[in-house]
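What follows is a set of notes on a single structure, which appears directly below.
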């Protein structure tokens, strides 16, 4: 399944202990805390600058989406920023690490270990 959204990031939705990256008709729901690398700096949820840096990606295009052998997720944006989720992250709180879906898609769910 091709998971590179055709549209730019249009919304970042923070919901209690997870977040969504919305690209018009498709969405990545990140249930495990992601890591954001931007401008050579690393940001994690709860750290200063994380929310602002993530929201600053609105209108950026995802240029690459990789799903590794362990179902780890990496989304690279046109400005070089990268959002990553590890299915083996010890901060994971549920059985699911992330989900991809949208209008007319069956979707994809990665389980934590």
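The values are calculated or read from the model by the stated rules, or taken from the named source; none is laboratory data. Everything quoted here is computed from the prediction, not taken from an experiment. Glycine gets a Cβ as well: all are built from the backbone with ideal geometry, and neighbour counts include every protein chain shown.
Side notes on the structure shown:
- Region 69-80 residues that are on the phi > 0 side of the Ramachandran plot and at pLDDT 95 or above, paired with ones that are surrounded by fewer than 19 Cβ atoms within 10 Å (Cβ to Cβ) and part of a loop (DSSP other than H, G, I, E, B) (beta carbon under 9 Å, 6 or more apart): 80/39
- For region 19-40, the set of residues classified as more than 13 Å from the chain's Cα centre (by Cα) and either without any contact (Cβ under 8 Å) to a residue 12 or more places away in the chain or not in a strand (DSSP E or B) (or both) consists of 24, 25, 39, 40, listed by residue number.
- The single condition among (1) in a strand (DSSP E or B); (2) at pLDDT 90 or above that residue 57 does not satisfy is (1).
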